[in-house]
Amino acid sequence: MDSAPAADSAPALRPRADGLLDVAGAPAFPIMAPRLQGELTPDGRLSLALWGRGEGARLKLEGLDGPLVLAPGRIVGQQGKGLFVAQSACDPRWSGTPTRRR
């Protein structure tokens, strides 16, 4: 997994009344599911790995520009574009976000 950016360069998270977080730009975002782990970096690189198997994929996501809303297992941008990770099955999904193989 890639290392997180320095704390002074990370975008500020703002708590909302509904328990979610608002952020102006993409932060480093960890992904955890029953057999899946990964990280989305601020520049849109997504690394995924399966527990016990190692790295599975590297993708470059585009279109996750701020403002964003963060919650466990999801990061949602404008017009519903985002990354959504199921918590009960290994089923990552992204919506409206173009991808490129790296």
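What follows is calculated from the coordinates using simple rules that are stated; it is not laboratory data. Keep in mind it's a predicted model, so treat the numbers as computed, not measured. Don't worry about glycine lacking a Cβ; one is built from the backbone with ideal geometry, like all the others, and counts go over all protein chains shown.
For the range 18-97, the C-alpha radius of gyration sits at 1.04 times the compact-globule guess of 2.2 N^0.38 Å, with N the residue count. Cβ crowding within 10 Å ranks R16, R45 as R16, R45, fewest other Cβ atoms first. Between A10 and E55, what is 0.36 nm times their sequence separation minus the Cα-Cα distance? Round to one decimal in nm. Here the segment from A10 to E55 would lengthen by 13.7 nm. Applying 1/(1 + (r/R0)^6) with R0 = 30 Å to the Cβ-Cβ distance of E62 and R35 gives a FRET efficiency near 0.65. With the simple spin-label model, which puts each label point 7 Å out from Cα in the Cβ direction, the Q79 to R45 separation comes to 2.7 nm.
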